[in-house]
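S.K.: Let me begin by handing over the structure; questions about it come next.
The values are calculated or read from the model by the stated rules, or taken from the named source; none is laboratory data. Because the structure is predicted, anything quoted here is derived from the model rather than measured. Here the Cβ positions follow ideal geometry from the backbone for every residue, glycine too, while neighbour counts run over all protein chains shown.
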Number of protein chains: 2
Amino acid sequence: MSAWVLPDHIADVLPCEARHIEDLRRDLLDTARCYGYELVMPPLVEHLESLLTGTGEALDLQTFKLVDQLSGRSLGLRADTTPQAARIDAHLLNRQGVTRLCYCGPVLHTRPDKPHATREPLQFGAEIFGHAGLEADLETLLLALDCLGRAGVHGLSVDMAHARIVQLLLAGLPLSAPKLAQLHAALAAKDGPELASLTRELPADVRQALLSLVQLYGDSAVLAEAARALKAFPAVQQSLSELQWLAGQLKGAALSFDLADLQGYAYYSGVRFSIYAQSASDALARGGRYDEVGAVFGRKRPAAGFSLDIKALVGAVAQRALRAAVRAAWTPNDAWRAAVAQLRLQGETVVCVLPGHESEVDEFHCDRELVSVGNQWLVQAL
Amino acid sequence: MSAWVLPDHIADVLPCEARHIEDLRRDLLDTARCYGYELVMPPLVEHLESLLTGTGEALDLQTFKLVDQLSGRSLGLRADTTPQAARIDAHLLNRQGVTRLCYCGPVLHTRPDKPHATREPLQFGAEIFGHAGLEADLETLLLALDCLGRAGVHGLSVDMAHARIVQLLLAGLPLSAPKLAQLHAALAAKDGPELASLTRELPADVRQALLSLVQLYGDSAVLAEAARALKAFPAVQQSLSELQWLAGQLKGAALSFDLADLQGYAYYSGVRFSIYAQSASDALARGGRYDEVGAVFGRKRPAAGFSLDIKALVGAVAQRALRAAVRAAWTPNDAWRAAVAQLRLQGETVVCVLPGHESEVDEFHCDRELVSVGNQWLVQAL
């Protein structure tokens, strides 16, 4: 095989798209900074047990493993940055109050998440630690919407779910791990017949509640319906009123609800959201509450946040205009060099045409040229 | 061992430093753009043979290996981005003329380069392909100096070398690979006695030339000295006049020369440079000409460039001032939310004080507060 063939689902990002991704990266980080989120840069590799403790089997399967020559221990290449942010909050910053963190960097997956997904997403995310109230959930959701708006995505809609509902319905029942996984899969697939078969031995009220979840998706009327269908479970009402409160705060946003949705990482513990756009078939950002993640690092703190893949995002927004540039034929002359330096100081892109390459076309949009007029160097339109 | 202990020579970058690194990243990429360098983002992992072909044993030892579950083939985590840029120039862009590329992203090393080095540098680099003339060498050197200047490094000096001199002196001699490695090591260490012992069986003029190289370091007077000492080797004179021409173009810069210097990657084929600053003990940027790198991808093109580690750079420049921010106590009120959004649109950082966290201090420098006056929200000094 040729030396230049890349592995499947791994790709170079070439100039025009790379510049757009860099612009989006800056827009997203600047938006998070405007909300008071501090930037952190966790490492690409960590000891496997730090990366994976408490995050579930799905992340384990997604994580590349390698061996540390210095210690002989197993390392993992991060497949998700959220557990790293929780580790930083728990141990390095160790603050009592609210901590807001954001990050942006590559993650690697052993297998693509979806048929056409990259195995190297560029993950951007923001997390708020230390506040158990719904104001934190709301803040991360508004920040996610603001980030996507700033990136130029139009026609956003938010799909909401709650990780506690299924947990509360099944609480205390003696279910094996494989059985639980089957139940979750049937719920996620909204597979009523499968669910009916799997729940045959569960208490009748739990069975009825689980079966009703499969129908509980749609606009905010779903919440009232759910309150009726699940009235035998008082603890679940709390989850429903959390969703209701957030819906009230998000007047004007296009909202939908899906109470059987169990997609995504296993670490969610409360409200969850996915943000969709007309221009993309899959969710562009996912987030929610995950109060348990920091526990394995010895410090269980309330936490909520979201993340997105900038490589997926760039496919959902319109290309930006190329920046104009100035051509300047290379001249062994101090005055020429000073003129070029001055233009660059002003922020202009000046592309030097090196000797012998006068007639070449490059990818920059050169609309002007540096020319010698009398004893001065001047910029003229091309 | 605790789940939160990181591997040796791997570290989190925490808020203040992370923000500074992000600022430097932008400054460097913007400077390269002003010179007409197009941004590319090669992947973190590739097939091992693409990453390592033609780059020498040192890079092989530095490269983490892992297995691709999709294909069963060996992958490498990139330890250097330069060969990837050469691959992109050779195959993806495939232009006839001059191509300028820049990149910025993490690389990973199996072992630290130096006792206190990180194993995860953040590599920034710029490469120019397709021009064999010294104007390309000069452009990358000026760009490297401009990048370091823009980053705020003062007291820069350039140390120059030439990879061809030793290659030409040893050309055609029947030396085994281990013997060659020993010779290179003795030259790099300026170990005269060792070199004298290793060269005992070489032709007398070659031996004398190699021994003289060890003394040939210092200011530009070295070049005239070298022309005399190496006059038996006409091909070497060409390398010396290349250094002389560049020295003439760099009037005003602090220059030194070291003709025995063989440090760094094996792929250099011409002029090489290292840029030092008073505030750092090791070189901050390294670069030069490496016309051979693209050959393994089926397209040998002239190439010159440089790279640097932003994590090392940030330690050599003064910290920047913290950005001021506005505090705003969370209020369930549309007018309050609009006032906060308006401030953020203007680029302000607004940190929401969530209910119950009123007396907390955070890391942002909040010098103002959003307060309700009459029926308006106004910003007041704290």
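S.K.: Scan the stretch A:51-89 residue by residue and report those that are under 26 Å from B:Leu70 (Cβ atoms), at the interface with another protein chain (Cβ under 7 Å from one of its Cβ atoms) and surrounded by 22 or more Cβ atoms within 10 Å (Cβ to Cβ).
M.R.: Once the filter is applied, which keeps residues that are under 26 Å from B:Leu70 (Cβ atoms), at the interface with another protein chain (Cβ under 7 Å from one of its Cβ atoms) and surrounded by 22 or more Cβ atoms within 10 Å (Cβ to Cβ), the stretch A:51-89 yields A:Phe64, A:Leu75.
S.K.: Looking at (1) assigned by TED's automatic domain parsing to the domain that holds B:Pro42; (2) within 23 Å of B:Asp258 (Cβ to Cβ); (3) buried (at least 20 other Cβ atoms within 10 Å of the Cβ), which one does B:Leu169 not meet, given that it meets all the others?
M.R.: Of (1) assigned by TED's automatic domain parsing to the domain that holds B:Pro42; (2) within 23 Å of B:Asp258 (Cβ to Cβ); (3) buried (at least 20 other Cβ atoms within 10 Å of the Cβ), only one is false for B:Leu169: (1).
S.K.: Here is a list of conditions, (1) part of a helix (DSSP H, G or I); (2) of a type outside the set (Ser, Thr, Tyr); (3) within 7 Å of another protein chain (Cβ to nearest Cβ); (4) touching a residue at least 60 places away in the same chain (Cβ under 8 Å), and B:Gly36 meets all of them except one; can you say which number that is?
M.R.: Of (1) part of a helix (DSSP H, G or I); (2) of a type outside the set (Ser, Thr, Tyr); (3) within 7 Å of another protein chain (Cβ to nearest Cβ); (4) touching a residue at least 60 places away in the same chain (Cβ under 8 Å), only one is false for B:Gly36: (1).
S.K.: Here's something else I'd like to know. So for the stretch B:292-300 (the condition being touching a residue at least 12 places away in the same chain (Cβ under 8 Å), assigned by TED's automatic domain parsing to the domain that holds B:Asn94, of a type outside the set (A, V, I, L, M) and crowded, with 21+ Cβ neighbours inside 10 Å), does at least one residue qualify?
M.R.: yes
S.K.: Can you tell me which residues in the stretch A:312-329 are in contact with a helix residue (DSSP H, G or I) (Cβ under 7 Å, 6 or more places away or on another chain), over 30 Å from A:Glu360 (Cα atoms) and modelled with pLDDT of 95 or more? Full working, then the answer.
M.R.: To start, the set of residues in the stretch A:312-329 that are in contact with a helix residue (DSSP H, G or I) (Cβ under 7 Å, 6 or more places away or on another chain) comprises A:313-314, A:317, A:319-320, A:326, A:328.
Those left that are additionally over 30 Å from A:Glu360 (Cα atoms): A:313, A:317.
A:Leu313 - this is the single residue of the stretch A:312-329 that is in contact with a helix residue (DSSP H, G or I) (Cβ under 7 Å, 6 or more places away or on another chain), over 30 Å from A:Glu360 (Cα atoms) and modelled with pLDDT of 95 or more.
S.K.: Does the stretch A:151-159 include one or more residues that are in contact with a helix residue (DSSP H, G or I) (Cβ under 8 Å, 6 or more places away or on another chain), within 12 Å of another protein chain (Cβ to nearest Cβ) and surrounded by fewer than 19 Cβ atoms within 10 Å (Cβ to Cβ)?
M.R.: Scanning the stretch A:151-159, I find no residue that is in contact with a helix residue (DSSP H, G or I) (Cβ under 8 Å, 6 or more places away or on another chain), within 12 Å of another protein chain (Cβ to nearest Cβ) and surrounded by fewer than 19 Cβ atoms within 10 Å (Cβ to Cβ), so the answer is no.
S.K.: Now for a separate question. Just to check your reading of the model, which residue among B:Glu242, B:Glu201 is without any contact (Cβ under 8 Å) to a residue 60 or more places away in the chain and outside the structural domain of B:Glu139 (by TED's automatic domain parsing)?
M.R.: On the way: B:Glu242 fails: without any contact (Cβ under 8 Å) to a residue 60 or more places away in the chain.
Among B:Glu242, B:Glu201, only B:Glu201 is without any contact (Cβ under 8 Å) to a residue 60 or more places away in the chain and outside the structural domain of B:Glu139 (by TED's automatic domain parsing).
S.K.: What number goes with the only condition from (1) outside any helix (DSSP H, G or I); (2) touching a residue at least 12 places away in the same chain (Cβ under 8 Å) that A:Ala339 does not pass?
M.R.: (1)
S.K.: Which of the residues belonging to the stretch A:110-133 are at the interface with chain B (Cβ under 10 Å from one of its Cβ atoms) and farther than 14 Å from A:Ala85 by Cα?
M.R.: A:Thr110, A:Arg111, A:Pro112, A:Thr118, A:Arg119, A:Glu120, A:Leu122, A:His131, A:Ala132, A:Gly133
S.K.: Among the residues that make up the stretch A:278-298, is at least one of them outside any strand (DSSP E or B), within 11 Å of another protein chain (Cβ to nearest Cβ) and charged (D, E, K, R)?
M.R.: No - not one qualifying residue is present in the stretch A:278-298.
S.K.: Which condition number in (1) in the same structural domain as B:Ala312 (by TED's automatic domain parsing); (2) free of Cβ contacts under 8 Å to residues at least 60 places away in the same chain; (3) surrounded by 15 or more Cβ atoms within 10 Å (Cβ to Cβ) is the one that B:Asp146 fails?
M.R.: (2)
S.K.: I'd like the full set of residues that are within 47 Å of the chain's Cα centre (by Cα), surrounded by fewer than 18 Cβ atoms within 10 Å (Cβ to Cβ) and small (Gly, Ala, Ser), limited to the stretch B:327-366.
M.R.: Scanning the stretch B:327-366 gives B:Ala329, B:Ala338, B:Ala341, B:Gly347, B:Gly356, B:Ser359.
S.K.: Would you pick out the residues in the stretch B:10-27 that are surrounded by fewer than 20 Cβ atoms within 10 Å (Cβ to Cβ), out of contact with any helix residue (DSSP H, G or I) (no Cβ under 8 Å at 6 or more places or on another chain) and either at the interface with another protein chain (Cβ under 7 Å from one of its Cβ atoms) or over 16 Å from A:Leu92 (Cβ atoms) (or both)?
M.R.: Hits for the stretch B:10-27 are B:Ala11, B:Asp23.
S.K.: I've got another one for you. Of the residues in the stretch A:300-336, how many are part of a strand (DSSP E or B) and either more than 10 Å from every other protein chain (Cβ to nearest Cβ) or on the phi > 0 side of the Ramachandran plot (or both)?
M.R.: Of the residues in the stretch A:300-336, 9 are part of a strand (DSSP E or B) and either more than 10 Å from every other protein chain (Cβ to nearest Cβ) or on the phi > 0 side of the Ramachandran plot (or both).
S.K.: Can you tell me which residue in the stretch A:76-117 is farthest from A:Arg25 (Cα to Cα), limited to those that are among the small types (Gly, Ala, Ser) and part of a loop (DSSP other than H, G, I, E, B)?
M.R.: A:Gly97
S.K.: A further question on this structure: Filter the stretch A:50-75 for residues that are in contact with a helix residue (DSSP H, G or I) (Cβ under 9 Å, 6 or more places away or on another chain) and assigned to a helix (DSSP H, G or I) and give the result.
M.R.: Residues satisfying the conditions are A:Ser50, A:Leu51, A:Leu52, A:Glu57, A:Leu59, A:Asp60.
S.K.: Another one. Only one of (1) outside any helix (DSSP H, G or I); (2) in contact (Cβ under 8 Å) with a residue 60 or more places away in the chain fails for A:Asp137. Which number is that?
M.R.: (1)
S.K.: Could you tell me whether any residue of the stretch B:93-103 is within 24 Å of B:Ser281 (Cα to Cα), in contact with a Phe, Trp or Tyr (Cβ under 6 Å, 6 or more places away or on another chain) and either at the interface with another protein chain (Cβ under 10 Å from one of its Cβ atoms) or acidic (Asp, Glu) (or both)?
M.R.: Checked the stretch B:93-103: no residue is within 24 Å of B:Ser281 (Cα to Cα), in contact with a Phe, Trp or Tyr (Cβ under 6 Å, 6 or more places away or on another chain) and either at the interface with another protein chain (Cβ under 10 Å from one of its Cβ atoms) or acidic (Asp, Glu) (or both).
S.K.: Okay, moving on. What tally of residues in the stretch B:90-110 results from selecting those that are touching a helix residue (DSSP H, G or I) at 6+ places or on another chain (Cβ under 6 Å), of a type outside the set (Ser, Thr, Tyr) and closer than 21 Å to B:Leu134 by Cβ?
M.R.: Residues flagged as touching a helix residue (DSSP H, G or I) at 6+ places or on another chain (Cβ under 6 Å), of a type outside the set (Ser, Thr, Tyr) and closer than 21 Å to B:Leu134 by Cβ within the stretch B:90-110 amount to 2.
S.K.: While we're here: Kindly provide the set of residues from the stretch B:90-120 that are under 18 Å from B:Val40 (Cα atoms) and either touching a residue at least 40 places away in the same chain (Cβ under 8 Å) or crowded, with 24+ Cβ neighbours inside 10 Å (or both), ordered by number.
M.R.: Within the stretch B:90-120, B:Ala90, B:His91, B:Asn94, B:Thr99, B:Arg100, B:Leu101, B:Cys102, B:Tyr103, B:Cys104, B:Gly105, B:Pro106 qualify.
S.K.: On to the next question. Of the conditions (1) free of Cβ contacts under 8 Å to residues at least 40 places away in the same chain; (2) part of a loop (DSSP other than H, G, I, E, B); (3) within 13 Å of chain A (Cβ to nearest Cβ), B:Val350 fails just one. Which one is it?
M.R.: (2)
S.K.: Checking A:Glu369 against (1) at pLDDT 90 or above; (2) surrounded by fewer than 20 Cβ atoms within 10 Å (Cβ to Cβ); (3) outside the structural domain of A:Val107 (by TED's automatic domain parsing); (4) under 30 Å from A:Arg119 (Cα atoms), which single condition isn't satisfied?
M.R.: Failed condition: (4).
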